1. List pairs: first residue in segment 200-227 and farther than 16 Å from Phe271 by Cβ, second residue surrounded by fewer than 16 Cβ atoms within 10 Å (Cβ to Cβ) and basic (Lys, Arg) anywhere in the structure, Cβ distance under 8 angstrom, at least six positions apart or on different chains.
2. Restricting attention to segment 310-327, which residues are touching a strand residue (DSSP E or B) at 6+ places or on another chain (Cβ under 7 Å) and closer than 11 Å to Cys347 by Cβ?
3. Among the listed residues Val210, Val221, Val235, identify the single one that is farther than 20 Å from Ile296 by Cβ, open to solvent by less than 20 Å² (accessible area, probe 1.4 Å) and in contact with a strand residue (DSSP E or B) (Cβ under 7 Å, 6 or more places away or on another chain).
4. If Gly299 meets every condition in (1) closer than 26 Å to Asn209 by Cβ; (2) in contact with a Leu (Cβ under 9 Å, 6 or more places away or on another chain); (3) open to solvent by 30 Å² or more (accessible area, probe 1.4 Å); (4) modelled with pLDDT of 50 or more apart from one, which number is that one?
5. Taking segment 93-122 as the region of interest, how many residues are part of a loop (DSSP other than H, G, I, E, B) and open to solvent by less than 20 Å² (accessible area, probe 1.4 Å)?
6. For segment 123-150, enumerate the residues that are open to solvent by less than 10 Å² (accessible area, probe 1.4 Å) and either more than 20 Å from the chain's Cα centre (by Cα) or among the aromatic types (Phe, Trp, Tyr) (or both).
7. Evaluate the following for Val251: is it open to solvent by less than 10 Å² (accessible area, probe 1.4 Å), in contact with a helix residue (DSSP H, G or I) (Cβ under 7 Å, 6 or more places away or on another chain) and in contact (Cβ under 8 Å) with a residue 24 or more places away in the chain?
8. Going residue by residue through segment 247-256, is there one that turns out to be touching a Lys or Arg at 6+ places or on another chain (Cβ under 6 Å), part of a strand (DSSP E or B) and more than 19 Å from Thr173 (Cα to Cα)?
Amino acid sequence: MFAKQIVSAIAAVGMATGAMAFDCKDDQIKISSSGDATQLGNCKSVKGSVMVMPGDAELDFGKLSEIGGDLTCENNGVIVSLKAGSLSKIGKEFRLQNATQLSNLAFTSLNSVGSLKFLSLNGLTALNFGSEGVKKADTVIISDTRLSSLEGINVQTVKDMDINNNKFLTKFTSSIKSLSNLLNINANGLKLSVEMPNIEWLANATISNVTEYSSPSLATVNGSLRFDSNFFETVSLLNLTEIQTGDLSFVGNSAVKNISFPQLTKVGGGFTVANNTELEKLTSFPKLEMIGGAVILRGSFDDVKLPAINDVRGVFQVTSTENIDSSCEEFKKLGNKVAGDGGNIDCTSHNQNANNDTSSTGTESGEDDKSGASSMSMSMSTVFSLATVGALVTFFL
């Protein structure tokens, strides 16, 4: 009887102080108070996942060094400060979502996570991941924050990276060397500069709404590479030699005056340049030989050249608001090098609608009808709408 009274008294004290009874080996640990956080900090590591629940505004995980499962804080409008100065590894997902008051995030020893997903953090202006930062993550998603820099995210290889709707983000410098699935950069700060000096290989990328873009070491794209609705004046990928299976597109880049891919020899899908109203010359693809889908070139060009082209497996359509008769004469010599539309070369000058939609460009291609022409049979407004929907879908991941 006496022992039961002691246990009951201890439990009552725990409830009064807000401390939760849990074991470091539990599959799931819920933290809501500073007492809970102190208890968690007495664990060197925890086997399972940690959930930060609404409660105290400031939490510090003390000497905790490893979480085997997830660390999540979702739909928490109370938390202001979250610290874990000794935590070096989160085995699965580190997810902060809709923690609208969170303004102090200090994980100065963290270097490895399964995935990093920060979504709808309206108070977060800076990351504090220490001098070395996070070096390992399979997925990185940063969406709808007040971050002006992503300093501290230093991953070298990653599967997916999605940076969208961060209105205060003006510079993104990444040390990534390879990206195996998707890079999406969209709808961030109006003067966003993107520098990726070390990336040599990526699978798919969509770059939108950036003012500067640089990836001088990029040599191979496995899937598609799209530059749509940007503000830069020039884009030059000096070492890119091959886009293996997907499309290359430049759509609606209102300020671009120069597009230069001097080493590119192959585009496995379609090649599209459309509605870039300041682009007068499209002549910096001197080694491009093979295009696996459609060629769709629409704009205000006065000169268009693809001097090395000898294999186009989709339709070939070029039109300009200006006089490109001399370019058309050269293209019409391609003959049986173009598979789509029976080898017909559709090339016209003085088309007042050249910068309008692409709905009249047709859907024929060579071996793969999905490779380029079909994707560009939509209107420009549809292209932009899909980009917006993509960002919203990502937001709710």
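The values are calculated or read from the model by the stated rules, or taken from the named source; none is laboratory data. Remember, it's a predicted structure, so these values are computed and weren't measured experimentally. Here Cβ is always computed from backbone atoms with ideal geometry, including for glycine, and neighbour counts include all displayed protein chains. The accessibility values were calculated without ligands, DNA or RNA, using every heavy atom of the protein model including side chains. Shrake-Rupley method; radii C 1.70, N 1.55, O 1.52, S 1.80 Å.
1. Taking only residues 6 or more apart or on different chains, the pairs are Thr211/Lys191.
2. Across segment 310-327, the qualifying residues are Phe316, Gln317, Val318, Thr319, Ser320, Ile324, Ser327.
3. Values: Val221 fails: farther than 20 Å from Ile296 by Cβ; Val235 fails: farther than 20 Å from Ile296 by Cβ.
The conditions single out Val210.
4. (3)
5. Applying the first criterion (part of a loop (DSSP other than H, G, I, E, B)) to segment 93-122 yields 98-103, 107-111, 122.
Now drop any that are not open to solvent by less than 20 Å² (accessible area, probe 1.4 Å), which leaves 99, 102, 107, 110.
Qualifying residue count, segment 93-122: 4.
6. Correct list: Phe129 only.
7. On the way: open to solvent by less than 10 Å² (accessible area, probe 1.4 Å): yes; in contact with a helix residue (DSSP H, G or I) (Cβ under 7 Å, 6 or more places away or on another chain): yes; in contact (Cβ under 8 Å) with a residue 24 or more places away in the chain: yes.
So Val251 fits the description; yes.
8. First pass over segment 247-256, keeping only residues touching a Lys or Arg at 6+ places or on another chain (Cβ under 6 Å): 249.
With the extra rule that they be part of a strand (DSSP E or B), the set shrinks to 249.
Next cut, more than 19 Å from Thr173 (Cα to Cα) only: 249.
Checked segment 247-256: at least one residue is touching a Lys or Arg at 6+ places or on another chain (Cβ under 6 Å), part of a strand (DSSP E or B) and more than 19 Å from Thr173 (Cα to Cα).
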